[in-house]
């Protein structure tokens, strides 16, 4: 059976719990922050470190952190509900050197996927167009807005303290994957 729609998903902060990095940041940088303290995507301000210091830390620890990441609440159910009827494409800013770690994590978590595309950049517009996505799921505010406006598709934005700026009407803000599932069901009915 041909799959009817092509669903695109960001991984970090979307499929994974947005608080995944918090305990690692606290331990390494000797902080006591929570997800609520992270009110912008750039973590250097809340950590009080330079961009170079942050990226060096991330380069050293990202593989381990990604391999241990928890799933976002209700994500697994939503993804499994959609896998039979829709193509599942994951587009992440992770570098391609993390492909094995990422695929092993997907297999360990028993998550469905047709394609995992690690593009090494937050600019996902070309990847969204290349895969001809019908809908995208994201946590990074500017990505969600750019994809929605440039690609003319709905983007489901998972609400976090770091993405609360206003957004265009085809960016749909949800609290969790249950809300996302409900919105997608309505969208699919309207698209028939």
* Before rounding to the nearest 500, sum -39500 (n - 2.57) across all DSSP H runs of length at least 4 in the chain and divide by the residue total; then give [θ] at 222 nm in deg cm²/dmol. => -12500 deg cm²/dmol
* Determine, from the Cβ-Cβ distance of residue 84 and residue 149 and an R0 of 22 Å, the FRET efficiency 1/(1 + (r/R0)^6), rounded to the nearest 0.05. => 0.10
* For region 22-68, what's the radius of gyration and Dmax over Cα atoms, in angstrom? -> 10.4, 26
* By average C-beta atoms within 10 angstrom, highest first, the peptides 15-27, 143-155 -> 143-155, 15-27
* Asked: So what's the angle, to the nearest 10 degrees on a 0 to 90 scale, between helix 99-108 and the longest Cα principal axis of the chain?
  -> 70
* Return one number: the angle in degrees, 0 to 90 and rounded to the nearest 10, between the long axis of the Cα atoms of helix 51-68 and the longest principal axis of the Cα atoms of the chain. => 60
* **Value of relative contact order over region 1-95, rounded to a whole percent, pairs C-alpha under 8 Å and six or more apart** => 57
* **the chain: angle of helix 141-151 to the longest principal axis, Cα-based, in degrees nearest 10** => 30
* Over the chain, calculate the relative contact order: mean separation of alpha carbon pairs under 8 Å at least 6 apart, over the residue count, as a percent. => 26
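Any read-out appearing in this document is the output of simple, stated calculations on the displayed coordinates, not a laboratory observation. Keep in mind that what you see is a predicted model, and the values were worked out from it rather than measured. Cβ sites come from the backbone with ideal geometry, for glycine too, and all protein chains shown count toward neighbours.
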